[in-house]
Amino acid sequence: MGVVILLVMAAGVAAMLTRKLPTAFALVLLAVVIAFLSGAPLTGENSVLDTVLQEGAPALAATMVAIILGSWLGRLLDETGIAGTLVRKIVEFGGDRPTVVALGVLAVSALVGTVTGSAPAAMLAGIIGIPAMVAVGVPKVTAAGTVLMGIAVGVPFELPVWQFFSTALDLPVDTVRGFMVKLFPFALVAAVAYVVIENRRRGTEHAWSLKSVAAKPAPRRERLGDAPWYALLAPVVPLVLALGLEVAIIPSLLAGVVYALVTTTRPGEMNKRLLRTLYGGFEVAAPPLALFVAIGILLAAVKLPGAVEALEPLMKAVSPQNPVLFVLVFTLLVPLCLYRGPLNVFGLGAGIAGVLIATGIYPAVAVLGMATSYNQVFGVADPTSTQTVWAAQYAGVSPQQVMVRTLPYVWLVALGGMCVTAALYL
Amino acid sequence: MTLQDAPATADPAATDDIGWAVRLLAATPTHEHRDPELLRHWARTADAFGAALAPVACSARIVESDGGLAHGLLARYTSRPPTVELFTDTIALAERVVDARGWRAWYPAGSVRAAALAHEAVHAHLHHGPARAALKRALGHHALRLGRLRVPGHVAGAEEVAAHAYARTVCGLGRSPLLLTAALATEAGTGNLPSSARDARREN
């Protein structure tokens, strides 16, 4: 039966790759089929309806709340001009030196990446950051990659991601935080190396573009001006609270929302702005929320006793126990997290992680190390992830060009993560 | 009402060269919320700076290719290795646009190619020499003021305005290449800047 379940998983991957089914729908369908194949009854204990669908759907509720709060804060950073001011100041200070501007945008992207993820994070840093880099001579592919690499630097400190791995892998937040702190230096070094090396290799580029002047004057947005300097600290507030003072994730994010609000908004306008950005945050959060409902359902399915029993011998046979082999095999498998592949942690990879833990093949913290290492690759180089698609298209290049340029760097990050995992937890 | 705010007219020549330079700056990221008068001041300054530049030789390798219209480009300078790429299909279209609009007196035959070379030569000049700092000083923008301390700020897009003004001057054009760029953008269907792609949302 284990082989049949794996074949069903492969069919699910094919459906996602070929875009026959959106990932979230494919994961729910997979979960239901796996549950039936595992011999789960329709209702009752360890059943399809009560366990997989009813209990699985809200299993990642804490992550969903964190996602909503992160998106809310992201909307506030946009609407109050905090993100725009950060990028504008960087261009003003470093505009003569494209590498300096790119490093500055990298830093802003990293800050934004600690708050929110996916396409909204890329937009916050990239809407101004990408054309600003291009305007000072950074080549387009390098500019798009810079925003993505920057977000990936922030991802180890993205609080909703901590919550996700904590809930999905049933690990304390402290454990997740501990590993993320170890993963961060790899992401940082790779990102800085990307900016410096790629700018050096490619040099600067200036184009006589037909798009440089608009035939019609651009519609004037409400003039916001620069946000005050102390408001620019808003993205750091949740991080300082959660990382430095070990405050829980949701209150830390709420504190960030409040800080961004009070430092930029007149008291009479606060209610209106809070509601507007909260509802805007829901809109931004909708796609990941749908995905997290589906992942919760899939995790519930692969943890059913029948599924664990069927998959355990197969997974044990193919999973290396030797630390060196572990690093080699799982680093070589990095491309399988691209294109919605089976190791994508925000897809079937979550299910595979669940199986590895449920069957006891690896300790949960080792699976955390593997999954977070893959997440560093997926978040930057996957040409189907929304942030990559958005950043590439906005820069006027293809997501595949960005993948080719960034993959060597994030592959090394994954290698670093795997080495730490093998050294500490195997 | 400033020129920047003026409604688009059928004849882009109705907008003067500084007006087009203001539009270029207004469309450059980091200037979205700037005072139009400040943009006009910067446009004038950068235009004057470019027009006053001594002639610079283009030492970069020159490559001609087509495919410019597909990318919305007329010419491109890359520093590694120093290369100026001229897009022949866009230049040819520009010459046709000049004829169609009756602008030949402003842009003599062959002047578009010469202007493209001059434009990119200035980018190379600004990239490698001290002229960039001089432009920054001329613009007089400060990124930071702390008491007596003044940190000069970069004005994104000003080099582009200067490069167009230089090309206009050394090639003896009657109007800025920016006017031609705007007409080309309309002709090539790229007149509107790319959307912010805020709606380009897919699953995760």
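Quick note: the coordinates plus some simple rules give every number you see, no bench work behind them. In this text, all values refer to a predicted model and were calculated from it rather than measured experimentally. FYI the Cβ positions are ideal-geometry reconstructions off the backbone, even for glycines, and counts take in every protein chain you see.
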Taking Cα atoms only, helix A:98-115 is inclined relative to the longest principal axis of chain A by an angle, in degrees rounded to 10, of 50 degrees
Explain nothing, just the number: dipole magnitude of chain B about its Cα centre with +1 on each Lys and Arg Cβ and -1 on each Asp and Glu Cβ, in debye rounded to the nearest 20. 820 debye
Restricting to Cα pairs below 8 Å that are 6+ residues apart, what does the relative contact order work out to for chain A? Please round to a whole percent. 25 percent
Dividing the surface of the Cα convex hull of the protein assembly as shown by four yields a projected area in nm² of 29.7 nm²
Efficiency of FRET from Cβ geometry, A:GLU309 and A:VAL240, R₀ 56 Å, rounded to 0.05: 0.75
Summing +1 for each Lys or Arg and -1 for each Asp or Glu, what net charge is found among the other residues whose Cβ lies under 9 Å from the Cβ of A:GLU246? 0
Nearest 10, in degrees from 0 to 90: the angle of helix A:270-302 to the longest Cα principal axis of chain A is 30 degrees
When DSSP beta bridges are limited to those with both residues in the protein assembly as shown, what percentage is antiparallel, rounded to the nearest 5? 75 percent
Crossing angle, helix A:82-94 versus chain A [Cα axis fit, 0-90 degrees, rounded to tens]: 60 degrees
Charge context of A:VAL108, other residues only, Cβ under 12 angstrom, K/R +1, D/E -1: +2
Can you give me the distance in nm between label points at B:ARG145 and A:LEU274, each placed 7 Å from the Cα along the Cα-to-Cβ direction? 3.6 nm
Separation of the A:ARG201 and A:ALA317 label points, Cα + 7 Å toward Cβ, nm: 4.1 nm
Output for the range B:52-116: trypsin sites (Lys or Arg not before Pro) sitting in coil per DSSP, at most 11 other Cβ within 10 Å, listed by number, reads none
In Å, the Kirkwood hydrodynamic radius from C-alpha pairs for chain B sits at 18.0 Å
With R₀ set to 30 angstrom, the calculated FRET efficiency between the beta-carbons of B:ALA92 and B:SER59, to the nearest 0.05, is 0.70
Among A:THR204, B:THR90, B:HIS164, whose Cα projects farthest towards the positive end of the dipole of the protein assembly as shown, with charges put on the beta-carbon of Lys, Arg (+1) and Asp, Glu (-1)? B:HIS164
Would you give the gap between the C-alpha center of the range A:311-349 and the C-alpha center of the range A:1-58, rounded to a whole Å? 20 Å
Size of electric dipole in the protein assembly as shown: Cβ of Lys, Arg +1 and of Asp, Glu -1, about Cα centre, debye, nearest 20: 1360 debye
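Share of antiparallel DSSP beta bridges in the range B:13-188, in percent to the nearest 5?
Working: 9 of 14 bridges.
The antiparallel fraction comes to roughly 65 percent.
Can you give the extra length, in nm with one decimal, that the chain gains between A:GLU45 and A:LEU333 once fully stretched, where that is 0.36 nm per residue apart less the Cα-Cα distance?
Taking A:GLU45 through A:LEU333 to full extension adds about 100.1 nm, to one decimal.
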Return a whole-number percent for the relative contact order of the range B:13-188, with Cα pairs under 8 Å and 6 or more residues apart as the contact set. 29 percent
Label model pair A:ALA423, B:ARG104: point-to-point distance (7 angstrom along the Cα→beta-carbon line) in nm is 7.4 nm
Least to most buried among A:THR146, A:THR80 (fewest other Cβ within 10 Å first): A:THR80, A:THR146
Once fully extended, how much extra length lies between A:ASP174 and A:GLN400, figured as 0.36 nm per residue of separation less the alpha-carbon to alpha-carbon distance? 77.7 nm
Pairs on different chains or at least eight residues apart, Cα atoms closer than 27 Å: how many lysine pairs in chain A fit? 6
